[in-house]
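Report on the following structure.
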Amino acid sequence: MTEPNKPRVLVIANQKGGVGKTTTAINLGTALAAVGEPTLIIDIDPQGNASTGLGIGRNERDLSIYDVLMGQASVAEAIQPTRIPKLSILPATVDLSGAELELIGAEGRNYRLKDALDEYSAHGQSQFKYALIDCPPSLTLLTVNAMAAADAVIVPLQCEFFALEGLSQLLNTIELVRNGLNPVLEIQGIVLTMFDKRNKLSDQVAADVREHMGDKVYDTVIPRNVRISEAPSHGLPALVYDLKCPGSQAYIKLAGEMIQRERSRAAEAAE
Ligand code: ADP
Ligand code: MG
């Protein structure tokens, strides 16, 4: 059971770059906020794309996830609001690329984010229902910190030739984390992204993934949609930039499916 002031923490992970992690974090977060669920996006990628995509300029990131991991700031101090009501962000800066080296040999290095989030919740400061962590394209210390802090993983998967191969590597990592750092970590779901219905390979890969992963795969598929790729340069989620476009509509559906899964899980846990 989740304690009243503890957000449900979902980590958006895939060690491949360009598969839609950041896009999913931003738009799923926006959709959750839009249905009234206060949501925090935690940007733990040194590229800071989630921060930029939500309109937080580089000079507006005085305190960031780097300061939190280094124990120089609390989560409460580093969080800031976005232009979207009920959506906040803990931004990232390029400093973060040095964090890995700086934390070598540091005590509890894998639990830096978890400890900071626990402290935030313990003081009753969290007003968030969900926290979505946007990971870098690697399975190193930053992603491990995210997985150690999370309740569940959401995996964006692009429908391309090596998708399943990459997925099994990710599943191994999740298993390692479950066996050591975080036994409660589960897979919330796998979301097929940038789906191109004109491409036969897209269909084939989607079918393969569904065959291997069964109902772990969300019914909602995110189509390839140019409006989605235009939105970040305006510092806006696609959902705000063009609510009616097929990509935005798909993310709204995905949020519905995600909430439904969360409710079933909570009901099962309460039994
Ligand atoms: P990641 O965070 O996994 O590296 P991004 O979310 O940044 O991936 O997506 C990679 C690129 O693809 C970005 O330029 C993004 O705008 C674009 N993109 C993501 N999803 C879609 C989509 N459904 N349709 C079109 N472009 C997309
Ligand atoms: Mg990204």
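The values are calculated or read from the model by the stated rules, or taken from the named source; none is laboratory data. Values in this document were obtained by computation on a predicted structure and should not be read as measured data. Methodologically, a virtual Cβ is constructed for each residue, glycine included, from the backbone with ideal geometry; neighbour enumeration extends over all protein chains shown.
Would you be able to tell me the number of residues in the range 127-178 that are more than 16 Å from ligand 2 (Cβ to nearest atom), out of contact with any helix residue (DSSP H, G or I) (no Cβ under 6 Å at 6 or more places or on another chain) and part of a loop (DSSP other than H, G, I, E, B)?
Looking only at that region, the number is 8.
Note down all Cβ pairs under 7 Å where the first residue falls in the range 7-19 and is more than 26 Å from VAL75 (Cβ to Cβ), the second is among the small types (Gly, Ala, Ser), and they're at least six residues apart or on different chains.
Hits for this filter: LYS16/GLY166.
Just wondering, is there one or more residues in the range 4-13 that are modelled with pLDDT of 95 or more, under 12 Å from ASP134 (Cα atoms) and near ligand 2 (Cβ under 9 Å from one of its atoms)?
Yes; the residues of the range 4-13 include at least one that is modelled with pLDDT of 95 or more, under 12 Å from ASP134 (Cα atoms) and near ligand 2 (Cβ under 9 Å from one of its atoms).
List pairs: first residue in the range 136-149 and under 17 Å from LEU185 (Cβ atoms), second residue within 13 Å of ligand 1 (Cβ to nearest atom) and part of a helix (DSSP H, G or I) anywhere in the structure, Cβ distance under 9 angstrom, at least six positions apart or on different chains.
As it stands, the answer is LEU139/LEU170, since those pairs meet every condition given.
Any residue in the range 231-247 that's over 17 Å from GLY55 (Cβ atoms): show its pairings with residues that are of a type in the set (Val, Ile, Thr) at Cβ separation under 6 Å, as long as the two are six or more apart or on different chains.
GLY247/ILE228
Of all the residues that make up the range 90-117, how many are within 20 Å of VAL153 (Cα to Cα) and either β-branched (Val, Ile, Thr) or at pLDDT below 95 (or both)?
Summing the residues that are within 20 Å of VAL153 (Cα to Cα) and either β-branched (Val, Ile, Thr) or at pLDDT below 95 (or both) in the range 90-117 gives 0.
Just checking, does the range 69-89 include any residue being closer than 21 Å to VAL11 by Cα, within 16 Å of ligand 2 (Cβ to nearest atom) and either at pLDDT 95 or above or polar (S, T, N, Q) (or both)?
Yes, that holds for at least one residue.
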